[in-house]
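Heads up: the structure comes next, in structure tokens.
The values are calculated or read from the model by the stated rules, or taken from the named source; none is laboratory data. None of the values given here were measured: they were computed from a predicted structure. Here the Cβ positions follow ideal geometry from the backbone for every residue, glycine too, while neighbour counts run over all protein chains shown. Only protein heavy atoms, including side chains, enter the accessible area calculation; ligands, DNA and RNA are left aside. Shrake-Rupley method; radii C 1.70, N 1.55, O 1.52, S 1.80 Å.
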Amino acid sequence: MNVQRSRTFASLLKHHRNAAGLTQEELAGQARLGGRTISNLERGVNKAPYRSTIRRLSEALELSGEDRDEFQASALHPVEHSRRGDRTVIEGGFLGALPTARLLAREEELGRVLDALEATEGDSGRLVLLAGEPGIGKTRLAQEVSVHAWGRHFLVAAGRCYEAQSGVPFYPFLEALSTLYEEAPTGIRGAIPERWPYLAGLLPDYFPSRIAVPSEGQEESQRLLRAVAGFVRAVAAERPVALLLDDLHCADGASVDLLAHLSRHTRGDRVLLVGTYREEEVGRGHPLRKVVWGLDREQLVEKVSVMRLGREETAALMSDRLGGTEVSEEVTALVYDRTEGNPFFTVEVLQALLERGDLTNREGRWIRKEIEELEAPDSVSEAISERVSRLRPQTQNALAAASVLGQVFGFEDLRAEVGLGDEEAEEALEEAEASGLIRAARDLYAFNHALTQQTLYAGLSPERRKRLHRSAGEGLEKIGEKVRRERAAEISRHFVVGKSPERALPYALLAGDEAEAAFAPKEAEQHYRSALELAEGVGDESAASEALEKLGGVLATTVRYDEALVALERAAEIYGARNDPEDAGRVEAAIAQTHFRRGTHDGGAARLSAHLESLDKPG
Ligand SMILES: Nc1ncnc2c1ncn2[C@@H]1O[C@H](COP(=O)(O)OP(=O)(O)O)[C@@H](O)[C@H]1O
Ligand SMILES: [Mg+2]
């Protein structure tokens, strides 16, 4: 396979057409294409031809073997990136950014997604999921899809999931929907309060005050899903939409449900949904697993497995990263034997060898230095650790602390966690950025890859991890009221891991309230359950009853009345024992109401009269 392409599709088309002795019109006729198509392609006006167009052209030009491969591949890998409307797009290794280096191989996988892209333009919405191991190139492949989508004038919106934010309802959609909102036609934007008021909750930057609606529970989460789908469809009626979500194995349950809802309700619209996930992390009980299984049965999802690169492809990747210079057979063998074709591992090992000075460029060829028993790092984490160890100790410390915050972290968050001065923190982050281990994007920093953060985190001693989590929680707490509320789930987690359950407890309750207000009852349930566990652990009865009462409320909204009654009865018991008439009255009313909703009116009435009688008794 010819993986070292450099000629553009435009130049190859012209070359082969001339070789076949055809005029532009003649070729268009033979390929059954429109008159201007060939001219537009040859002038580079259209850099992203349809797959069917490429097929027709290679047939009409009677291309075969390597020529045909090269021709098709050049169309799949546009050399220049199309600009994304009038928005400026940053370059980087994350979904939503422009890729910084060429995509190698992946013809087949990319082709499948591009077929879906093409189908989408013909009003046939699709969902494609890219699955594979960490570092295999899922994000990179999805980035290529976004480049093609931009080239075809799609409105492209991306969102990413991170482990540390997996308790935040709709986390990946918050960013994706903001992008859609910003790029949507004014008329559609203006119609949101009227037509899709529930959407406002997912666009906090544009609609800071939440809409006040009486809590109707389950119906509300359905309304939210319908509002998002309605908005996306309205936008897609004006301009095709590509919605890309990275790392769904870290998605919250509400986001997974929303993705499934969108895929079911945009089948007749110009909406392409693309998601990526780590295959190995979507085990039994993972919300994504059940949903993908269901969608698969309904034939609503196409799964593309992203596999390891071959030896030649690995060599091409290395050569590409070394500025196109040839890599000796010996060096290829050294790296490929270790990395077995995992691109991230390959790139990191290469970088480690370069930083060590074990790789040198001699007469335009990369060779290994003649050192006896030269060893390449054995694992991704070894390669990363080796690179980190070359940084100044302060920088290493800052990175270790940052790894506790997650794959993305704010400058303020880090400073608050480690108590560094502005200057020290800036210096450390600058050095880390120069090494390529982190990157800065707007007001946030991010590790170059989840594996980098995970390696650093895994390298912390239990004692240090505990300490850093606790100070991360304290740091976030200090930043302010807004952070305490919006990031309650994160703060709670820091205190749980930091072994301060009593401090985690109020934030678990708060995180539940936040999730409920965001119409994500399942997430709220999880937070209330953790709050209950924490309250029981520290023997805080009052918090336990609060958690139970809230849990009962949220279970009732999801029509799980039996479980709701169990929780509410337990809350009533605690309030009763505490002799607290106000709290007891409220929970009794909730029990009665749950009975009524469940259809066991008698049970509800009996409960209420018993309670009223108890109040009459002189206490
Ligand atoms: N097909 C490819 N061609 C060139 N570089 C690639 C390819 N696949 C992955 N890479 C590079 O390998 C690294 C890891 O890829 P990434 O997409 O982040 O992996 P994943 O998302 O599966 O964890 C990135 O630097 C990426 O640019
Ligand atoms: Mg990725």
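Residues Arg126, Arg140: which one is at negative phi and away from ligand 2 (no atom under 16 Å from the Cβ)?
Going through Arg126, Arg140 in turn, just one is at negative phi and away from ligand 2 (no atom under 16 Å from the Cβ): Arg126.
Report, ordered by the first and then the second residue, all pairs with beta carbons closer than 9 Å, sequence separation of six or more or different chains, a first member in the stretch 190-210 that is more than 16 Å from Leu174 (Cβ to Cβ) and not assigned by TED's automatic domain parsing to the domain that holds Ala234, and a second member that is buried (at least 17 other Cβ atoms within 10 Å of the Cβ) and of a type outside the set (Phe, Trp, Tyr).
Nothing qualifies.
Exactly one condition in (1) hydrophobic (A, V, I, L, M, F, W, C); (2) more than 28 Å from the chain's Cα centre (by Cα); (3) surrounded by fewer than 16 Cβ atoms within 10 Å (Cβ to Cβ) is false for Ala517; which is it?
(2)
Checking the structure you have, find out if any residue of the stretch 415-429 is without any contact (Cβ under 8 Å) to a residue 40 or more places away in the chain, farther than 17 Å from Ile479 by Cβ, open to solvent by 50 Å² or more (accessible area, probe 1.4 Å) and of a type in the set (Gly, Ala, Ser).
Within the stretch 415-429 (the criterion being without any contact (Cβ under 8 Å) to a residue 40 or more places away in the chain, farther than 17 Å from Ile479 by Cβ, open to solvent by 50 Å² or more (accessible area, probe 1.4 Å) and of a type in the set (Gly, Ala, Ser)), the answer is no, since none of the residues qualifies.
Is one or more of the residues making up the stretch 311-333 within 16 Å of ligand 2 (Cβ to nearest atom) and either assigned by TED's automatic domain parsing to the domain that holds Leu174 or in a strand (DSSP E or B) (or both)?
No: the stretch 311-333 contains no residue that is within 16 Å of ligand 2 (Cβ to nearest atom) and either assigned by TED's automatic domain parsing to the domain that holds Leu174 or in a strand (DSSP E or B) (or both).
Give the residues of the stretch 334-348 that are assigned to a loop (DSSP other than H, G, I, E, B) and within 16 Å of ligand 2 (Cβ to nearest atom), sorted by residue number.
The answer is Asn342, and nothing else.
What number of residues within the stretch 297-310 satisfy the criterion of being within 16 Å of ligand 1 (Cβ to nearest atom) and in a loop (DSSP other than H, G, I, E, B)?
Final tally of qualifying residues: 5.
Can you tell me which residue in the stretch 430-452 is surrounded by the fewest Cβ atoms within 10 Å (Cβ to Cβ), limited to those that are within 16 Å of ligand 1 (Cβ to nearest atom) and of a type in the set (Ser, Thr, Tyr)?
My answer is Ser435.
Which of the residues spanning the stretch 494-506 are buried (at least 22 other Cβ atoms within 10 Å of the Cβ) and over 10 Å from Gly473 (Cα atoms)?
Result: Leu505, single match.
If the requirement is being open to solvent by 40 Å² or more (accessible area, probe 1.4 Å) and touching a residue at least 40 places away in the same chain (Cβ under 8 Å), which of these qualifies: Glu298, Glu312, Glu219, Glu281?
Result: Glu312 is the single residue among Glu298, Glu312, Glu219, Glu281 that is open to solvent by 40 Å² or more (accessible area, probe 1.4 Å) and touching a residue at least 40 places away in the same chain (Cβ under 8 Å).
Regarding Glu133, is this residue away from ligand 1 (no atom under 12 Å from the Cβ), open to solvent by 30 Å² or more (accessible area, probe 1.4 Å), within 25 Å of Gly253 (Cβ to Cβ) and at pLDDT 90 or above?
Here the answer is no, as Glu133 does not meet what is asked.
For Ala556, only one of the following conditions fails: (1) touching a residue at least 60 places away in the same chain (Cβ under 8 Å); (2) aliphatic (A, V, I, L, M); (3) touching a Leu at 6+ places or on another chain (Cβ under 7 Å). What is its number?
(3)
Before we move on, is His611 open to solvent by 20 Å² or more (accessible area, probe 1.4 Å) and closer than 27 Å to Asp540 by Cα?
So His611 passes the test.
Of the conditions (1) under 28 Å from Ser319 (Cα atoms); (2) of a type in the set (Ser, Thr, Tyr); (3) assigned to a helix (DSSP H, G or I), Thr360 fails just one. Which one is it?
For Thr360, the exception is condition (3).
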